[in-house]
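A.B. asks: Sending over a structure as structure tokens; questions will come in a sec.
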Amino acid sequence: MNAHPRPTLTDPIQLLAFGFGSGLSPKAPGTVGTIAALPFYWFMASQPLWIYSLIVIVAALLGIWICGRASTALGVHDHPGIVWDEFVGIWIALWAVPFEPLWILAGFLVFRVFDIAKPWPISWLDRHVTGGFGIMIDDVLAGVLACFTLHLALSFGGNL
């Protein structure tokens, strides 16, 4: 990540885009950012589902603007340290999943697999969509696919 400009974490937009500094990890910033999103999830999961859903929708929509602004300010499209998209992605992955350690771990792992492997159509979106929307959409879709996978497991009586 040394080849990329460092963000200014005193700028609230860059602070959010870089996951409160978690995206500055020299190794696996996306994974570290995903982990950093979990304490927020623990708070969100205690809310009624409609409030949780509203928070995720607002975070995703704001994320388009946040990631776009941070990317423009740094002059780098999808800087590896921008992890707000991972925050939103893991929150989507864990939507309406049992608030239990093994389900949270499963959600984390399934989301990271989809986010890293980028199966179609995630890979296509990652290559062809730019700006803040482009930064967000691949992780949003990885979260949706992870959520679907977890709910599929739940529907088959998944007992972790």
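The values are calculated or read from the model by the stated rules, or taken from the named source; none is laboratory data. Just so we're clear, the structure is a prediction, and the values are computed from it rather than from any experiment. Ideal geometry is used to build each Cβ from the backbone, glycine not excepted, and the neighbour counts take in all protein chains shown.
A.B. asks: Kindly list the number of the only condition in (1) over 14 Å from Glu86 (Cβ atoms); (2) assigned to a helix (DSSP H, G or I); (3) of a type outside the set (Phe, Trp, Tyr) that fails for Gly157.
C.D. replies: Answer for Gly157: the failing condition is (2).
A.B. asks: Looking at the range 62-86 only, could you name the residues that are more than 14 Å from the chain's Cα centre (by Cα) and aliphatic (A, V, I, L, M)?
C.D. replies: Hits for the range 62-86 are Ala70, Ala73, Leu74, Val76.
A.B. asks: If I filter the range 114-133 for residues that are acidic (Asp, Glu), part of a helix (DSSP H, G or I), free of Cβ contacts under 8 Å to residues at least 60 places away in the same chain and touching a helix residue (DSSP H, G or I) at 6+ places or on another chain (Cβ under 8 Å), do I get at least one hit?
C.D. replies: Within the range 114-133, one or more residues are acidic (Asp, Glu), part of a helix (DSSP H, G or I), free of Cβ contacts under 8 Å to residues at least 60 places away in the same chain and touching a helix residue (DSSP H, G or I) at 6+ places or on another chain (Cβ under 8 Å).
A.B. asks: Here's something else I'd like to know. Starting from the range 75-95, take each residue that is modelled with pLDDT of 95 or more and aromatic (Phe, Trp, Tyr) and list its partners that are buried (at least 24 other Cβ atoms within 10 Å of the Cβ) and assigned to a loop (DSSP other than H, G, I, E, B), counting only C-beta distances under 9 angstrom and pairs at least six apart or across chains.
C.D. replies: Hits for this filter: Trp84/Phe18.
A.B. asks: From the set of residues in the range 1-57 that are aliphatic (A, V, I, L, M) and surrounded by fewer than 12 Cβ atoms within 10 Å (Cβ to Cβ), which is modelled with the lowest pLDDT?
C.D. replies: Ala3
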